[in-house]
Every structure is written in structure tokens, then in C-alpha cells.
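Working notes for the structure below.
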């Protein structure tokens, strides 16, 4: 029997709180790439040009960036109940996602709806991490590992949906993800009240966006995260192209690209779960540093792997890269949370997310443009620039005892 130490609602057993947050996070972040899973259907149903694919994807990312900027400047996650912010954001995100079903839509309206969906996600992903930090002081790295793992699985889901699209109508995918998001928001607001470690921000702090970076350890953690983000989403975005390119170079490989893309990205969810347990033994910084070093090494050696006519070796390499490229993400979020002032912890996480996702657009576009100018698989070595920058930032500080979870 679980013994409760108080009748206060926030003292619910932590073993129940974390799974609820994780499930709610996964349900709600399914909105993120819902459009990607039915992209071909959107193009054909609304008469869009094939080039709309990239624009629709970028609209969600841009909406998330603007949303996190808005949430950070107004310190919303610190001034209001994070669970209620999560719930309201989930409902709006579900509604904007459903808006795609309107048959009178054109490119402009769909772009705007995807932008608003991304904006809503700014009140879901970083706020979900904020809620976890309000409940878990010790073992925070493990808790955030599960949360980021849920995001990874949500990111990989569109590739699996693409494989199932023959048996599912595109509208049912949109409706399902909206219902999941609404259910996730309701689940969290009903079962996860404000946590015992929450310290409410008293007022709007318009300078918080800049003042958080004055702390040396916070700055090092944030810069490490930025280096990680330079590599992460570019890798995820180009996994299908990597598989396609290898198949063209070695025709006998015969890859099932959608399924393999799902596996290569989804395996990162397992490494996020694992990283939390490793952090408890070796320390958060050591795990983050090691994962960043390994993923950067994969980026540097990636051009050589394309030349080897060993499909299983190539797949093993991508699966390993898929594990280590995300493994450090919950570690950096932990370091950011641990080195931010308690009253602006939610804002600090949101700020770092905002800048990190802005960086992903730059790295993705760099690889995209370079691939058009240079016909070489050496372009993926450019992704190593982020890990190198992050490793230098981490190497300048020790984080003290706070780096151990």
C-alpha cells in the first residue's frame, strides 16, 4: 500500500504523476507532425503544389518559436498554473489541427492553421517539462528523460502513419490526433495539480529573456543545448533522404524507407529513458557530454559510411546515431532547470526551447541549400559543428554537485 504523507492534492504518489505527464505529453505532441503524416493527401485534396510540403512543415516550427517567445516574455508558465496553461494550449492546438478539415482551405489558411498549432505547442512541450521540475527535485534527469522520450516517439509517429495510410483516411488521422491532444490536456489538468516545488512568479519580467543568461552555469547548459539542437532536427529531417541516397548508391539494399525512418528516430526514445538512469549513476553533465561527443563523431564519419556496401552496417550506424543524437536532450533540459532561478524556471526552459528551435531552421536550411550546390554525402559532416560548439561550452564549467541526479 502506498502511504500518503498529506491530504494535499500535490502529494499524489510520484510514481503515478510521471506516467500521467508522459502520456499527456505524448498525446498532445502528436499534433506536431500530424500534418506530415498526411502531407500527400493535403497536397492532392487542396490542390497544393508539391513545394508546399516544406512550407507546411516550417510553419509549425515557426509557430512554436513565436509561441515560446511570447510565453517567455510574459513568463506565463511561472505566473499561472502550468497544468491549466497546458490544458488550454492543448485544447487550442486540437481545434487548430481540426481546422485543416475545412474544405474551403487553401495554402494560406492551412499555413496559418499549422502556425497556430505550433504556437499552441509552446504551451505544451516546455510547460510539460516545467511541470516535471515542479514535482521532481531528485531524479529530475530521469523524469525529463521520459518526457523527451515521449516527444521522440511523437516525432517518429508520422513515418509509421505513412505506412498505415492505405488503411486510414487522412481526415481520421487529423481527428484522432486532435482527440488525443484534448484528452491529454484534460488528463493532466484533472490529475496533475501544481507540484510541491513550484514557486510562482510574482509579475511579468520583460528582462527575463536576457537576464537568465547572466549565470555562468546556465549559459553553459543553454549553449550545450543549442549545439545539440543544431544537429538533432536536421538529422531527423534528412533520415529518409539518407536512406534513399544509400539505396541509389547500393541498389540491392532494398530499404523500406518509412518503416526504417520510424525505427531510426523512435529508437532515440529508448535512449532518452536510459539516459535518465545513467545520470543517476554518472551525473547529468557526463551523460550529456558523452552523448554529444558520440553524435558529433557520427556526423563526422557519416560520409565514409555511405561508401561501404554493407546495408546492415549502414542501418546499424543510423540506429546508433538515432540513439545518441537525442540522448543528451533531457540532460541539457535538466541542467537548464537546475541552474535557473526557481521563480523563472518555466520561463528559462521556454527561452532555451525558443532559441534552440530557431537554430534547427538554420541548420536544416544549410544542409538543404548545400545539398543543392554540392552533390556529396559529405554535407552531413556539417552537423558536427553543433556538437563541437556544445562540447566547448560544457568543458568550461563543472556545474558542481547539481550536475548529479
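The values are calculated or read from the model by the stated rules, or taken from the named source; none is laboratory data. This is a predicted model, so every value here is computed, not measured. All Cβ positions, even for glycine, are placed from backbone atoms using ideal geometry, and neighbour counts span all protein chains on display.
Is there a residue in region 390-397 that is in contact (Cβ under 8 Å) with a residue 60 or more places away in the chain, crowded, with 16+ Cβ neighbours inside 10 Å and not in a helix (DSSP H, G or I)?
For region 390-397, residues in contact (Cβ under 8 Å) with a residue 60 or more places away in the chain, crowded, with 16+ Cβ neighbours inside 10 Å and not in a helix (DSSP H, G or I): present.
Residue 348 fails exactly one of the following numbered conditions: (1) modelled with pLDDT under 85; (2) over 19 Å from residue 73 (Cβ atoms); (3) assigned to a helix (DSSP H, G or I). What is the number of that condition?
In the conditions (1) modelled with pLDDT under 85; (2) over 19 Å from residue 73 (Cβ atoms); (3) assigned to a helix (DSSP H, G or I), residue 348 misses (2) alone.
Looking at residue 8, is it at pLDDT 90 or above, surrounded by fewer than 17 Cβ atoms within 10 Å (Cβ to Cβ) and not assigned by TED's automatic domain parsing to the domain that holds residue 352?
The answer is no for residue 8.
Can you say whether residue 42 is assigned to a loop (DSSP other than H, G, I, E, B), more than 18 Å from the chain's Cα centre (by Cα) and modelled with pLDDT of 75 or more, as far as the supplied structure shows?
Against the criterion (assigned to a loop (DSSP other than H, G, I, E, B), more than 18 Å from the chain's Cα centre (by Cα) and modelled with pLDDT of 75 or more), residue 42 does not qualify.
Among the residues of region 58-68, is there at least one that is within 30 Å of residue 368 (Cβ to Cβ) and either in contact with a strand residue (DSSP E or B) (Cβ under 7 Å, 6 or more places away or on another chain) or surrounded by fewer than 18 Cβ atoms within 10 Å (Cβ to Cβ) (or both)? I'd like the intermediate steps shown before the answer.
Within region 58-68, the subset within 30 Å of residue 368 (Cβ to Cβ) is 58-68.
Among the residues that remain, those that are also either in contact with a strand residue (DSSP E or B) (Cβ under 7 Å, 6 or more places away or on another chain) or surrounded by fewer than 18 Cβ atoms within 10 Å (Cβ to Cβ) (or both) are: 58, 66.
The answer is yes; a qualifying residue exists.
Can you find, within region 242-253, the residue that is nearest to residue 357 (Cα to Cα) among those that are in contact (Cβ under 8 Å) with a residue 24 or more places away in the chain and surrounded by fewer than 18 Cβ atoms within 10 Å (Cβ to Cβ)? Outline the logic, then answer.
Restricting attention to region 242-253, the residues satisfying the condition of being in contact (Cβ under 8 Å) with a residue 24 or more places away in the chain are 242-243, 245-246, 249-250, 252-253.
In the following step, the residues that additionally are surrounded by fewer than 18 Cβ atoms within 10 Å (Cβ to Cβ) were identified as 245, 249-250, 252-253.
Details: 245: 26, 249: 32, 250: 34, 252: 37, 253: 34 Å.
That would be 245.
Sort out which residues of region 301-318 are more than 17 Å from residue 248 (Cβ to Cβ) and crowded, with 16+ Cβ neighbours inside 10 Å, and write them in order of number.
Hit for region 301-318 is 317, nothing else.
Can you work out which of the residues in region 300-311 that are more than 28 Å from the chain's Cα centre (by Cα) and assigned to a helix (DSSP H, G or I) is nearest to residue 382 (Cα to Cα)?
Narrowing region 300-311 to residues more than 28 Å from the chain's Cα centre (by Cα): 304, 307-311.
When the remaining residues are screened for being assigned to a helix (DSSP H, G or I), the result is 304, 311.
Numbers: 304: 14, 311: 23 Å.
Checking each candidate, the answer is 304.
Look through 387, 330 and report the one residue that is at pLDDT 95 or above and in contact with a helix residue (DSSP H, G or I) (Cβ under 9 Å, 6 or more places away or on another chain).
None of the others qualify; the one that does is 387.
How many residues does region 163-192 contain that are surrounded by 22 or more Cβ atoms within 10 Å (Cβ to Cβ) and either part of a loop (DSSP other than H, G, I, E, B) or modelled with pLDDT under 80 (or both)?
1
Considering only region 49-74, state which residues are modelled with pLDDT of 80 or more and over 10 Å from residue 118 (Cα atoms). So that I can check it myself, show each step before the final result.
At the first step, the residues of region 49-74 found to be modelled with pLDDT of 80 or more are 59-71, 74.
Residues satisfying the conditions are 69, 70, 71, 74.
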